[in-house]
Structures are given as structure tokens and as C-alpha cells.
Amino acid sequence: MKRQMVDMLADLIKIPSDPFSDKQEVLDYVQSFTDQLHMRNTLFGDATTPALLAEYGQAGIVLSGHLDTPPIGDYWSFSQSQLASGRMYGRGAADMKGTVIAMLQAAQDLVARKIPVALALTTDEETTMQGAMALAKTLPMRRAKAIVVGEPTGLRVAYAEKGVLDLAIETRGKAAHGAMPHLGENAISKMMRILRGLEGFKGRIAHPELGSVTMNIGTFNGGTRLNVVPNKCTAEVDIRFPPPYSPDQLYREIEEHLRRIKTPFTLRRIVSMPSVQIDPASEHVRILQEVSSAESAVLVHASEAVYYTQVNPRVVIFGAGEEELSHQANEYVKVEAVARAAEVYKKYAQRLSVARAG
């Protein structure tokens, strides 16, 4: 079983699944495996970024993962799917192809034991999450005894995560010759004032584990030529916020904060997703902690749990891989962590099956 697991992980990592790749190949790979298990496969979501729901039995556990990754990027010291010192390297190894393989391995065992299980696998988690939105509308997701979102938690049981508010900011100026800047209005200078002010925003809410609002100025574009006063500048900012902040509340606070700078700007939402707060004392979380003997955790990044918690309160986050390795060069997952995750998923499904039968 372990040899099969390692081979499958290497195969899955080698399949391109970044935003510019055709997602059919990576989806076909997992679907061929669920076909062999005689699970009932149904596709949801957009045709270019489909989501797969593979079911065996009813009202059991749902193991939820995503197959897509960011681009590989530069500055790698290891090749894709290289195995070294018990670590499998490659884009998506930690986030979260290692965990997907653990889920497939667990499903294989659970089907053999005739224990209900479903796999919910998407191909657009890193971009639009349309697949998760579509899956959230299905009865299997709503009726599941538990939904385990397999984000990289380092084999800890996570019960909260930050929300996302991505903003586009634009400033306008007046073009003029670079030798006569006094005749124009520099849009980049205006944007610099706005961004300096934005970096001073702290927010009014903090979470005991997740802390306060953080932000990253991710893109900055302005000007057309060196010798022309720029008449337009845009910047995009990725903001992460803890519960119980709502996206609307945070947007209002940020807008009010920026208005005090007395520099004209326009503000537009790009992405808005609420934070997630699951009761750590709830039964489904407690059982997973007992089965895994794991510590609890919180996540600073967002996941598809944001949509599943809206239709089913029995959501928990648990996976192989470390959160800090996500999207990094030389991303890896420990093979033993993948094997351990598979065992935890199996034991968790068995416990929930017994509880259901009782």
C-alpha cells in the first residue's frame, strides 16, 4: 500500500495543474482511481474547472481536497516529484496533493470495509472556488456526518481560518512632460500616499489565536514612460482578517481610514470571503482529535471550508503538509505524514460510522 501511495503521489505531482493548465488530465487521474473503487462519480461546476464528487454509500464522511496549484515558479533545488530523505518535493506536494493521495488511499480501504465515504475534489481552489460553491449545494455535502477539508495543517486539527478581502485601488492624475512636472498631477505619488496610509491600518478586532488584520501589497502599476507624468496608477492589496470580522465591516473601516488621507482614490473589491470559526468543543472536532491524538490549530489562509460551513456545521480541517510550505520553492510533504493522514481519515470514518449506526 505504501509503495502504491508513493507512486501515486509522484504521478499526481507531475501532472500540471496550475491556473494555465488544462485540468482534465489531473481530474482524469483521480477519477480513474475512484472508478476502480466503483464509487459513483458526478461532475459539478464549470467545464473548464470541474469538481468531482465520488460517493460510496450515504451520509458518511466527506474528504474534501483540491487538485490545482499555483505555478511552479523559479529557484527550485529539487525536481518535481523528487524523493529525498523521506520527503516528496514538488508544486502542490504540501498544498495539497499529498493529502489528496491520503484521501484516495483512505477511500480505497473504507470502500473495501463497506464504510460510507465520499470524495469532494476541486480544480479551482487557488482561483475562484466555483467548484466548492457548486459542491456545497449538493445533498451529500449537506448531510455528511463530517466534512474534512484537507488543507496542510501539519497533522493538526484546525478549527478556524482567516477571511479574505482583496482590493483594487486606483488613483488618477494629469499627464504632463516629465521635465515640467508642475504642469501635471502624479498618480503614482498619490498612490504612494494611499498605500503608506493603508499600511497604518490595524483594524479594531483581533482573534486570540489568529491575531489581527494583515495585508500584502501584491501588485503596483503606473506610468507609461520615464519622461511622462503618470495620469493613472493601480495597486492590488491582499488583506486577511480574523473572525468575527465580516468582509463588509472591514471594507467600511478601510474605506473610512483611507478617506482621512485626503487624496482622491477609487476602491473596488476583487475577492471577498468570510472567515471561518468552528466550535473547537463540538463533537466532530473532539472525535477527530481523539482519533489523531493531534493538537488543535488555526490557519491564516482561506480554504473551501468557507463554503462548506455555510451548509454543514460539521466541518473540520486536517491534512498532511505544513502551511508554511505552501506556494514556496522546494515545497514538499513528508511521505510518513501522508501515510499518517490516510490512517487518521480511515479511523475517523470508522468512528463516525459506528456513531451513525448507534
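Throughout, read-outs are computed from the coordinates displayed, never taken from laboratory work. Worth saying up front: this structure is predicted, and the values here are computed from it rather than measured. Because the Cβ atoms are built from the backbone with ideal geometry, glycine has one as well, and the counts that use them run over all protein chains shown.
Please report the antiparallel percentage of the DSSP beta bridges confined to the chain, to the nearest 5. Could the numbers behind the result be given before it?
Values: 46 of 62 bridges.
Expressed as a percentage, antiparallel bridges in the chain total about 75.
How big is the charge dipole of segment 107-173 about its Cα centre, in debye rounded to the nearest 20, if each Lys and Arg gets +1 on its Cβ and each Asp and Glu gets -1 on its Cβ?
Numbers: 9 positive and 8 negative charges, 111 e Å.
Roughly 540 debye, rounded to the nearest 20.
How many angstrom lie between the C-alpha centres of segment 286-358 and segment 137-162? Their Cα centres are 7 Å away from one another. Note on segment 156-195: Rg/Rh from Cα positions, Kirkwood definition for Rh, rounded to two decimals, is 1.43. Cβ-Cβ distance of residue 269 and residue 301, R₀ of 30 Å, FRET efficiency by 1/(1 + (r/R0)^6): the value works out to about 0.95. Taking other Cβ atoms within 10 Å as a rough exposure proxy, 20, 241 sort from fewest to most as 20, 241.
Sorting the Cα pairs of the chain by distance into bins of 10 Å, from 0 upward, gives 5, 23, 29, 21, 12, 6, 2, 0, 0 percent per bin.
What you get for the chain, charging only the Cβ of Lys and Arg (+1) and of Asp and Glu (-1), is a dipole of about 740 debye around the Cα centre.
Only Cα sites of segment 13-127 enter the Debye sum here, all with the same form factor; the resulting log10 I(q)/I(0) across q = 0.09, 0.11, 0.18 1/Å is -0.25, -0.37, -0.90, listed in q order.
For q = 0.22, 0.23, 0.24 Å⁻¹, what log10 I(q)/I(0) does segment 189-287 give under the Debye formula with an equal point scatterer on each alpha carbon and no solvent? So the normalised log intensities work out to -1.21, -1.29, -1.36. In the calculated pair-distance distribution of segment 219-358, the portion above 24 angstrom amounts to 54 percent of the Cα-Cα pairs. Mean-square fluctuations from a GNM of the chain, with a 10 angstrom spring cutoff on Cα atoms, peak among 56, 348, 251 at 251.
If you take the beta carbon distance between residue 248 and residue 36 as r and set R0 to 35 Å, what does 1/(1 + (r/R0)^6) give as a FRET efficiency, to the nearest 0.05? Can you show the working numbers first?
Details: r = 46 Å, r/R0 = 1.32.
Approximately 0.15, to the nearest 0.05.
Taking a 32 Å limit on the Cα-Cα distance, which of the listed pairs 202/334; 162/347; 97/145; 162/334 fall beyond it? Spell out each step's value before the answer.
On the way: 202/334 37 Å; 162/347 29 Å; 97/145 24 Å; 162/334 26 Å.
Violating the 32 Å limit, Cα to Cα: 202/334.
Assigning unit charges at the beta carbon (Lys, Arg +1; Asp, Glu -1) and nothing else, what dipole magnitude in debye, to the nearest 20, does segment 163-273 show about its Cα centre?
On the way: 16 positive and 11 negative charges, 97 e Å.
The calculation lands at about 460 debye.
Among 275, 64, 326, 32, sorting on how many other beta-carbon atoms sit within 10 Å of each Cβ, with the fewest leading, yields 32, 326, 275, 64.
With helices as the sole contributors, the chain gives -10000 deg cm²/dmol at 222 nm; each DSSP H run of n ≥ 4 counts as -39500 (n - 2.57), and the sum is divided by every residue.
Run the numbers on the chain and let me know its relative contact order in percent, using alpha-carbon pairs under 8 Å that are six or more apart. The partial results should precede the final answer.
Values: 821 pairs, mean separation 89.7, N = 358.
Relative contact order for the chain comes out at 25 percent.
Ranking of 138, 171, 224 by neighbouring Cβ atoms within 10 Å, starting from the fewest: 224, 138, 171. Of the residues 169, 144, 217, the one whose Cα sits farthest toward the positive end of the charge dipole of the chain, with +1 on the Cβ of Lys and Arg and -1 on the Cβ of Asp and Glu, is 169. P(r) tail for segment 300-358: Cα pairs beyond 13 Å make up 72% of the total.
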